[in-house]
Amino acid sequence: MNSSTPPRIAIIGAGPGGLTCARILQRHGIAATVYDQDASPSARNQGGTLDMHADSGQQALRQAGLLDEFLALARPEGQQMRLVGRDGRVLLDAVPPEADAEEGNPEIDRGQLRDLLLNSLEPGTVRWSHKLTHVEPVTAGVHRLHFADGATTDADLVVGADGAWSKVRRQLSDATPVYTGVTFVETGLDDADTRHPALAALTGDGTMMALDDNQGFIAQRNSHQHIRVYVGMRTEENWHQDAGLDPADEGAVREALLKEFTGWGPDLLGFITDTDTGYTNRPLYALPVPHTWQHTPGLTLLGDAAHLMSPFSGMGANLAMLDGADLARALIDGTTTTDDAVRAYESLLLPRSAAAAEGAAEGIAGAFAPDSAAQVLAHMARISEEE
């Protein structure tokens, strides 16, 4: 960066994108502070498994100097994709060829990826228990961050890596996430190969999908014999409230889901009845496509804060990490000012994320449609032929 005084860089959110940005900046001698609302790295579960794409997530990890460590943790076998009919019959099984972790899009648990990034940072980089309430412009290009505990700090560049409901985004855009029409009810199986062998066998080594008539099951193999399950349906945003359900009442939620999935095969219904983790309601949201904003000195966005989209793109974490890497690289360039670097970054980010978001919108529309089984089967068959 072309400046005699290093800029004060504040990254809001310790997700994969924000941490990738901080790590790459630190490798090049540029300081950045990450602020996160969680009390500690282990304050909450980080979610399921991610496939790291060679041209995005893995590229970012390479720039972060962490590719070898990632490859040691990755699961190439997790690339298996299985499509199952509503009666439980396997319709298509796309098994990756025998390969090492550097080929294809190997899987890694979100928690493992986050730990890998966190452990690579200098001590004190992440400030935990810092819940951002709002961002206040102070002078040209300088913004004041206000936290829930009353603390404040000023920054020359505020990077909004704070997810779907970003506080930083409010300074750049009036856009808010919109319900996609699809809700996942998340559940899970522990010690699956031993305690739930039939469901583990049906899931396989990667991801199993059974999608038909606006409903479906998605089961993801995680490490340590855990299978994360998403029971999906096109429904009203507040379906459980409309039905008078208390999400904590596992028995009532189970019965409601079984009623919704009347006519599905008993093997698949086991993903509802055999839960070890209870049920978590997760309505899916997305930002409008395309989501753009007018460049504002001292502010920018990455990841879900910039381009929240449905998980049917398979690109969420990969794009967030590529965003973080591209922003860091732009800032590292010694020939530009901080503002010019951010402009250059946004010129890459906005068209790329719009294309991915369009694909994600098409993906969820096809996966939860009256003829979703036929659409997904045709899509997976095309992919298998290309491989």
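The values are calculated or read from the model by the stated rules, or taken from the named source; none is laboratory data. Since the model is a prediction, treat every value here as computed from it, not as a measurement. Here the Cβ is made from the backbone with ideal geometry for all residues, glycine too, and neighbour counts use every protein chain on show. Keep in mind that these areas ignore ligands, DNA and RNA; they rest on the heavy atoms of the full protein, side chains included. Shrake-Rupley method; radii C 1.70, N 1.55, O 1.52, S 1.80 Å.
Side notes on the structure shown:
- Protein heavy-atom surface of the chain, 1.4 angstrom probe: 48% of the accessible area is carbon and sulfur, with nucleic acids and ligands not counted.
- Coordinate range along principal axes, alpha carbons of region 150-229, Å, largest first: 55, 33, 21
- Whole-Å distance, taken between Cα centres, linking region 132-185 and region 229-264: 33
- Using the average count of surrounding beta-carbon atoms within 10 Å as a protection proxy, the listed peptides 6-17, 356-367, 206-217, 138-149 rank, highest first, as 6-17, 206-217, 356-367, 138-149.
- Beta bridges by DSSP in the chain, antiparallel share as percent, to the nearest 5: 75
- Cα-Cα P(r), region 1-137, percent of pairs per 10 Å interval: 11, 34, 29, 16, 8, 2, 0
- Distance histogram in 10 Å bins (all Cα pairs of region 122-259, percent per bin): 9, 25, 22, 24, 17, 3, 0
- In this rough spin-label picture, where each label sits 7 Å from Cα along the Cβ direction, the Ser347-Trp128 distance is 4.1 nm.
- Distance in nm between pseudo-label sites at Arg282 and Thr5 (7 Å out along the Cβ direction from Cα): 4.4
- Per-residue ellipticity at 222 nm from helix content only, as computed over the chain with -39500 (n - 2.57) for each DSSP H run of at least four residues, stands at -10500 deg cm²/dmol.
- The chain, accessible area per residue, ligands and nucleic acids excluded (1.4 Å, Å²): 43
- Residue of Asp162, Asp304, Asp190 that the Gaussian network model of the chain assigns the largest fluctuation, springs spanning Cα pairs under 10 Å: Asp190
- Rounded D (µm²/s) - region 313-373, Kirkwood Rh over Cα pairs, Stokes-Einstein at 4 °C, 1.567 mPa s: 98
- D (Stokes-Einstein, µm²/s), Kirkwood Cα radius, region 232-387, 1.002 mPa s at 20 °C: 114
- Between Leu302, Ala365, Leu257, the Cα set farthest toward the positive side of the dipole of region 239-387 (charges on each charged residue's Cβ, about the Cα centre) is that of Leu302.
- Chain lengthening between Tyr179 and Ala243 when straightened (0.36 nm per residue, less Cα-Cα): 21.2 nm
- At q = 0.07, 0.09, 0.12 Å⁻¹, base-10 log of I(q)/I(0) for the chain (Debye sum, equal scatterers on each alpha carbon): -0.33, -0.55, -0.95
- Projected label distance in nm at Leu73 and Thr139, using a 7 Å step from Cα toward the beta-carbon: 4.1
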